[in-house]
Each structure stands twice: as structure tokens, then as C-alpha cells.
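Each remark here refers to the structure printed beneath this line.
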Amino acid sequence: MRRFLLRRLGTGLVLLVGITLVAFVVTHLVPGDPAAANLGQRAIGDPAAVQAFRHQYGLDRPLPLQYLIYLGDLLRGNLGISEQSHRPVVDDLNDFVPATIELALFAIVLSLLIGVGLGIVAAIYRDRWLDQVIRVFTLLGVSMPIFWIALVAFFVVFFKLGWLPGGGRLDPTQTAPAHLTGLYTVDAALHGQWALFGSALKHLVLPGLVLAVYTVGMLTRFTRASMLEIMGNDYVRAARLKGLPEHVVVLKHVLRPALVSIITVAGVAFANLLSGTVLVEEIFAWPGVGQYAYKSAINLDLPAIMGVSLFVALVYIVLNLIVDLLYGVIDPRIRLS
Amino acid sequence: MAALLRVEHLTVALPTRRGYQKAVDDMSFTVEAGEVLGIAGESGSGKTMTALSLFGLLPSGAKVSGSIRLNEMELLGLGNRQLRTIRGRQIAMVSQDPTAALHPILTVGTLLTEHMRYHLGVSKEEAVERAKDLLDTVRIPDPARALHSYPGQFSGGMRQRIAIAVALAAEPRLLVADEPTTALDVTVQAGILRLLDRLCRERDMAVIVITHDLGVMSAIAQRVCVMYAGRLAEAGPTSELLARPRHPYTRGLLDALPRLPVSGGAGGRPPEASRARTGAPLVPIGGSPPSLGDVPAGCPFHPRCTYAVASCETDQPVPLLLDGQHLLACPPDPLAGAG
Amino acid sequence: MKKPLPLIGLAVIAAWAVVAIFAPLIAPDNPLGQKFAILAGPSGSHWFGTDELGRDVFSRVLFGARITLPLAVILVLAAMIIGAIIGAVAGYFGGWVDNALMRVADLVFAFPGIILALAVAAALGPQLRNAVIAVIVVSWPSYARLVRSLVLSARSAQYVVASRLLGSSSIRVLFTDIRPNAAGPVLVLAALDIGNAVLLLSGLSFLGLGAQPPTAEWGAMVAEGTQNFNDWWVGLFPGLAILTVVLAFNFIGDSLRDMLDPRTARAVRL
């Protein structure tokens, strides 16, 4: 088991390096000129300024050298300076990462609860009307453009009904709790500031739900398929033959083996959520990595883009490790092989 | 003595693309406590459906009629809740493939104790003790360690023993073994059969062994029912049935078997039975068994029967008592008097 | 009617295809003509209202089909062909070729789709053509993986071995023996993928990295809707258009997948 994890870690590191390479290549071998994008009007008329810019950022050096310099910097924890904020990218990420993590965690927990729950129900009531209804809903969920749902949700729930706040992590008059994790809900709770906690939670609901729509659809369908496949197995029939109550059969004998595939999908779903944040954070003014990624891409802020890419890669690796760990916990066959 | 299990005119119809087709047609048999009944037949003969109907676990949409009485209590028509108190507790089943039937990610201990506690209401500690005893009974070495192991860590033969232990955990009165040895090596089969035989005697339990293997029948069953296309073809004491079969199908099955001199098992087959055929060519039954929905009219066996007469195509044979306990569903009775 | 969903899906796609082809004839107004009242709500003369430049939203939605539908199909076809070739080469020749190609595929696959598409589209410049390229770059790995595994399992199959023994060249084997068997699952994947392609493409346009104004593209139109909240019709109808198209493709793809997967049919219920 340990060897298995170490091997995955190794693959993960290779992936990380690979991602830096890919990000580097994509953002450097492009027609777009970062100098023009960042200097704007000045760039067009003033060659000296352009030259200075290029020299300052090492853009006039040969590419492979630029890459090696970049890698060296990385290892020292230096991700460069963002051209938009003129701060170290690391600091930018420090600000934005917790916001996105909080949103993504909220969304994935919600998705798992609703998605797996609906999937179980759909499997139990297979082919009956409840199953069909759930099926249509999930198909709807994975077919809706997330930016459109966000718009509709924003319009209906905030604009027209005023039930929930329409943006930001807190009300404009409130100040964030003292920084412990960066997750406002957790920090507020840890400090006993329950009003703040409530507000942070309220602000999470709308963007979180919007993010969750696609994931719920995905998880429901997968849970249903997984469970149906397992239900066809002899050992499930054997459990019934023993006279065990149906809920025991479903939860203990069917759901547990199904969890292996469900967790795999949950991992993919979480990655999906991260991409969803790009769109959702824009609409709900959520100061997170998604918004940062978008602005960086638009402005061809190379250090920022690469910083975001690394963050994403890191999340992906950690996620995979967690998933692999969970496999071992749930399915002893993996642990023992 | 009142029979432990009495099945009368059991009919199971399954929904197919061409409407409802009978998988089991007018089956009747009884089983006494402490006896081993064999149900013989090829795949598709309705054996497994018969077994599943005892538990009320037929595929959804199945229509069942007839009567199944366990200890004089009628099982057909009982609600799920009541059936659950019977499954595992009064009747238990050992399925064909132990690898598929034992849950791969639950420990052997869990598999043994979960329904034990549910049916018998014993405490966790006592359940564990009983589980260890059960593993001992089925001759699994180091029961304490086995309880914490997973089925995948055992060999095929041991898995079947564990499956048997699981079936016994709630102390059922009747054990149904569906092809208990088919998935196992020949060398292991004998051990399993001996185990079943011993358990039956020690616990005064009734056992139904379902198999296509007549050798298994002769080794362990006292009486045999032969099924063909969902109907009863012939039934009687094993020794008599195998030595002097009266139904052409049973005869055909025996003729198709390679004959080796075998010393009599619990079935007590007399040694003369093995004399006749050693060295003679194998004679398979021509054609193949009908699939669901393709059952011929009249006697279902008549297209493949070398003794068929005109009436066989139209009249459905009803099991008639020949003498003592020998039932035969073949009105022409062409093998009467044959040796 | 036991299985209405795929038929509904087909009907919807067919309807949109008709709209896409005949939009110039069906649409009541010029999608680019800014001659009407600004931000007027839905009415008899403007079923979907008008946008902030006085254009008829209904016409723009109809014309939007001429962009989204053909592009999505072309996109998926391109990704499928590229991915299939790469996957086939990797699976057939194995060794370091396989390793190298699959590492690249894994890398691309690892990135959450939109972020990579974002980067590519931004790098290449905000243009519809570049958005299409970006989505192709993001989509090909799934086809490559699928085809590779199909080729791997087919490679050891009897009929392929026999063909090689008869002297067929590698390319011939790939085309005549393996391709027919691989076609099915790949097409199912493609059907399921078109919906995703539409979402990604319109998502990029929403962010301003795809279709540029004044092009009437659904994603870009929803973006306009975010600027004018009160005038809900500006963003709602283009989004509904996207929804119906993606939903229809998902209906079809879903049923296709069900048809090919017998395992879910086995479960026994009480």
C-alpha cells in the first residue's frame, strides 16, 4: 500500500513538472505579445519601453533558459510577480486560494449528499416513475450552461426575491474573521462569531448551488449506474437470501462496493468544480482563483497564469492521492494486493 | 412424520418477450427432516427457479401458483416482512459459485454474524463465539484468524465451506445447496459432499441438493427428483432410480455418463448398477433441452425421446405413483421391466 | 412509446438544423441590424425582445444556431479524428511511442477543461476560430485513450493475428480489421461529447474569448445579458437555446450508451 502511494506521488511530481512545461510552452509560444498586452497603448508607439519590458521580465532570453530560470524560481517558492497586481504571485494566490477552496468544498459536499442520495433512490426505484423523474433532472443538470444557471439564479433569487445575497463573501459592512484557515465559515466558527458565520454561509449558498448543479447530475447518474451493476451480483442476492432487511442490503452490501467508483467520479467532479469556478466567480464577485485565472488569461499575465496552472496541478495531485487512500480504506482487496 | 417441506403443484411463470412462460410447471415434492433430496436436471430445467421460489426471491414480475408449506405454514402469499424472518432462519441457501456469492469486501466474521444476530438476537460476543464454532464445524483452520480475513484470501474449496457455514449461522431447518460442487475441483468435491452429509445427520437438517451431476446424487441423496423443462419427469429413491430408471430422460442421462466402478455412498447404490455399462460407448441424448418459451406441447421430452408414441405429442404426462415411492411422468412407461 | 427521450432528442436537433440552414429565410429581422427600440421586452413583433443595441433577439438566437451547431460538430469530429489517430498509433505500436503519446494525453486530460481552454484561447487571441482550436485541444485525449484501449484489446484478437499472418501491412490492419469494431464506442463518446463541446464553446464566448461582437453567438449573448439584469430576456433565451441543444444531444448519447451496456439490465428487484 505504501509503495503504491509512493509510486502515485512520483507520478504526481512528474505530472507537476509536465504541467509547468505545458503552461510554459502554451503561454510563450503564442502570437500574442505579453508586452503589448500589459503596456497597452504605450507599447505600440515606444519601442524602447517594449524592449525594457522584455528585458525586465527576461523575455529576450532563449526559451529553454527562461524555463530553467522559472523552475529554479519555483523551487525557491518564487512564482514571480503578477503583472496585474504587481505583487508576488504567491501572495495573490494566498489571497485567492482559500476563497475558492471554501466554495469548492461547500459545493462538493452538497453535491455528494444530494447526488449520491438521489442516485441510491434512483437505483432502488429503478425504472419506476421516480427513477425517470430523477433521470430527466440529472440530464437537465448536465446540459445547462453554468454561466446561464448562474445568471438565472442571480436574477431570480437575488434580484427579484432578495432571499440570498448576490455577491461577495460577506456583506460590504462586515469584516472578515481573523485569518486562521482563510475559510470564512470555519474561521468565524472557530472564533465563535456566529453572526459572521451565518453571513458567510448565506453568501456561499447561491454560488455553491450553481456550481453543484452539474456535479449533482454527474454523481447521481454514476451512483445509480454503479449500484445497479452491483445489485446484479450474486453476493447481493445472497444477502437477501439470508433474510437481511432491505436497507442493510442496500447500504452495507451494495453501496460500499459502489463507493469505489463513486469516489473516483467525485474526484473528477471536484476537478470539474474548479473549472466551473472560473465562470461562477465572475458572476458572483467571488474573489477566488477562478476570477484570477480569467483575468490573468485575458491580460496574458504569464507569471500569474503559470502560478494558477501549478495550483491546479497541485490540487489534482492531492486529490488523486486522497482518492487512492480512500480506495484502500473502502476496498480491502486493494489494500491487500 | 409430517414432512418438513411440502411443495404441491408449484408453477412459476416468468415474463419474457413473448409473454409469460413457465419456468416451473406443476412441481410437487416433499422433504423430511434429516433427509437429503436431490433435484436433478440440466441447466434451464427450472431447478434454480424452484429453489428461489422457496425464498420468495424470484425475478420481479414472476407469477407463482401452487403451495409451498414449511412445517405446515404456507409460504406463498406471505409478505416480504414475514418472508425475511424465514430466509436464513428456517431455510438457507448455498449458491453455486462461492466466489461470487461471498461479499468481497466484508470480512468472514461479518458475513457469519450479521444475519445470525438479526435472526437469533445474540450479543456480539456470543455471535463471534458461534461463528468460530461454525468455522470449526466446516473444518476451516484457525477460525479466530479466519474471522478477520476476507473471502478472497481463501481457496475455492474453503470458500464453499465458508459459504456453508454462513448458511448454517442462523440454524435453519432446511438447507438448499445449488450446484454446491460444480465450481470446484474434483478432488475438493468429495470433501464438500461429506461435509453436507455429516451436517445433515448431526443437525437433523433437511438438505435439498440441486445438481446436474448424477454422481453427486448417488453420493449423497436418498431420494431424487428429475426435472425436465420445468416439469417433474421422475422421482424416487436414489438407488432405485439410478439402477432402474423408468423415464427415458433419466435413462438417457445415465447412458451419457462414463461409467466407473464406484463404491456406494450415502445413496447406497447397489454395486450391480455399475456392472452394465463399463466399456460401452457413451450415448448422448440427441438434440438439446428446450429454452424458456420453446417447450414442446404434450410431453416436453418427446422430440428427443427414442420411445415416443403418438400420444406423447398431445398429452401432458402427470406424475403417477408406480410402487412405494417411485413417481413417473411417462404414461407409455417403455422402460418398465428393463434392467 | 417506451423510449421517447432519444427520439425527442433527434427531433430537437433536426429542428435546430433546419433553423440553422434556413435562418436567413425564417428570421423576421437582420440579426445585426440595430434599428429597433433598445431593450424592449418580449412582444408581438419581437418574440424575444430586443437587446441593448436595438437588435431583435429572436433573430439573433436563430442565427446563433448557424454558428454553434456546425462548429460543435466540426469540433468533435476533429477531436475524434486526431484523438483516434493518436490513440491508434499508441495502441498499435506500443513501446516508447505509446508511453510518450499517452503521457501527453494524460497531461492535457489532467487539466480542468475550461482552464486549459482559457489559456489556449487567450494565448491565441480572442477569436471564434481560436476558441474552437482550444476546445479541440482539450477534447482529443478522451478519444485517444478510448481508441488506444480498443486497439490494444483488438490487437491480440484472432482475426487481427490472422490478417497479419496473411501479410497485411499495419495500416491495412488498422483500417480494415480494427476500425469497424472501434467505431461503435467512439461514436457513442462523440455523441456524448458534442453537448460538452457546445458548453465549452459558448462558455469561452461568454468570457469574451470566442465569438466577438457583433457576431450573434449564444454564449456571447448571455454575456450581454449579464450587463442588463433588468432586461432578463436578453440573456435568458440564448441560454435556453444552448440548453435545448445540449439536452437533445445528451438524450441521444445517453440512449446510445444504454443500448451498448447490458450490465445495468441484470439487477433483480424484490
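No lab work stands behind these numbers, since they all come straight from the coordinates. Bear in mind the structure is a predicted one, so any value in this text is a computation, not a measurement. Note: ideal-geometry Cβ built from the backbone for every residue, glycine included; neighbour counts use all protein chains shown.
Rank the residues A:Tyr292, C:Tyr159 as a footprinting-exposure proxy: fewest other Cβ atoms within 10 Å of their Cβ go first.
With the fewest neighbours first, A:Tyr292, C:Tyr159 line up as C:Tyr159, A:Tyr292.
Starting with the fewest neighbours, write out B:Val108, A:Val142 ranked by other beta-carbon atoms found within 10 Å of each beta-carbon.
Details: B:Val108 27, A:Val142 22.
Neighbour counts put them in this order, fewest first: A:Val142, B:Val108.
Just the projected area, averaged over all directions, of the convex hull on the alpha carbon atoms of the protein assembly as shown: how many nm²?
Values: hull surface 202.5 nm².
Taking the Cα atoms of the protein assembly as shown, their convex hull projects to 50.6 nm² on average.
Can you give me the convex hull volume of the Cα atoms of chain C, divided per residue and expressed in Å³? Each step should come with its number before you reach the end.
Working: hull volume 50.1 nm³, N = 270.
Dividing the Cα hull volume of chain C by its residues yields 186 Å³.
What longest range of chain C stays clear of loop-exposed trypsin sites (Lys or Arg not before Pro) (DSSP non-H/G/I/E/B, at most 14 other C-beta within 10 angstrom)? Intermediate results must be reported in sequence, preceding the final value.
Details: sites that count: C:Lys2, C:Lys35, C:Arg266, C:Arg269.
The answer is C:36-265.
Normalise the Debye intensity by I(0) for chain B, one equal point scatterer per Cα, no solvent, then take log10 at q = 0.06 Å⁻¹ and round to two decimals.
Taking Cα atoms of chain B as identical point scatterers yields -0.22.
Which cross-chain or sequence-distant (5 or more) residues have an amide H under 5 Å from the amide H of B:Val122, H modelled 1.01 Å from N in plane?
none
Per-residue mean of other chain beta-carbon atoms within 10 angstrom of the beta-carbon, peptide C:223-235?
On the way: counts 3, 0, 5, 8, 0, 0, 7, 2, 0, 6, 0, 1, 5.
The mean count of partner-chain Cβ atoms within 10 Å per residue comes to 3.
When the helices in chain B are scored as -39500 (n - 2.57) per DSSP H run of 4 or longer and the sum is shared across all residues, what 222 nm value do you end up with, to the nearest 500 deg cm²/dmol? Mind showing how you got there, number by number?
Working: 11 runs with 104 residues, N = 339.
Taken over chain B, the calculation gives -9000 deg cm²/dmol.
How much mean residue ellipticity at 222 nm does chain A get from its helices, if each DSSP H run of length 4 or more adds -39500 (n - 2.57) and you divide by all residues, to the nearest 500 deg cm²/dmol? Don't jump to the answer; show the numbers that get you there.
On the way: 15 runs with 246 residues, N = 337.
Calculated from helices alone, the mean residue ellipticity at 222 nm is -24500 deg cm²/dmol.
How large is ³J(HN,Hα) for each residue in region C:60-69, as worked out from phi by the Karplus curve 6.51 cos²θ - 1.76 cosθ + 1.60 (θ = phi - 60°), to whole Hz, x for Gly and Pro?
5, 5, 4, 5, x, 4, 6, 8, 5, 4
Using the Cα centre of chain B as the reference point, and only Cβ charges (+1 on K/R, -1 on D/E), how large is the resulting charge dipole? Debye, rounded to the nearest 20. Don't jump to the answer; show the numbers that get you there.
Working: 34 positive and 33 negative charges, 85 e Å.
Using only the charged Cβ atoms, the result is roughly 400 debye.
So who's got an amide H within less than 5 Å of the one on C:Gly49, skipping anything under 5 residues away but keeping other chains? H placed 1.01 Å off N, in plane.
Result for C:Gly49 returns C:Ser43, C:Val57, C:Phe58.
Quick one: Karplus J couplings for region A:226-234, per residue in order, coefficients 6.51, -1.76, 1.60, θ = phi - 60°, nearest Hz, x for Gly and Pro?
4, 5, 4, 5, 6, 4, x, 7, 4
Out of all DSSP beta bridges with both ends in the protein assembly as shown, state the antiparallel percent to the nearest 5.
Working: 30 of 49 bridges.
DSSP beta bridges in the protein assembly as shown are roughly 60 percent antiparallel.
Applying the Karplus parametrisation 6.51 cos²θ - 1.76 cosθ + 1.60 with θ = phi - 60° to the phi angles of region B:51-68, what ³J(HN,Hα) value in whole Hz is obtained for each residue in order, glycine and proline being reported as x?
4, 5, 5, 5, 9, x, 10, 7, x, 4, x, 6, 10, 10, 9, x, 9, 10
Once you average over the residues of A:270-282, how many Cβ atoms of partner chains fall within 10 Å of each Cβ?
Numbers: counts 1, 6, 3, 1, 5, 11, 4, 3, 7, 4, 0, 0, 4.
Mean inter-chain Cβ contacts per residue within 10 Å come to 4.
More than 24 Å apart: what percent of Cα pairs in region A:134-234 qualify?
Details: 2224 of 5050 pairs.
Here the long-distance tail beyond 24 Å is 44 percent of all Cα pairs in region A:134-234.
Select from B:Ser95, B:His115, B:Leu184 the residue farthest towards the positive end of the dipole of chain B; place +1 on Cβ of Lys and Arg, -1 on Cβ of Asp and Glu, and compute about the Cα centre.
Result: B:His115.
Could you give me the radius of gyration and the Dmax of region A:202-331, taking only the C-alpha atoms into account and expressing both in angstrom?
Just the Cα atoms of region A:202-331 yield Rg and Dmax of 19.5, 65 Å.
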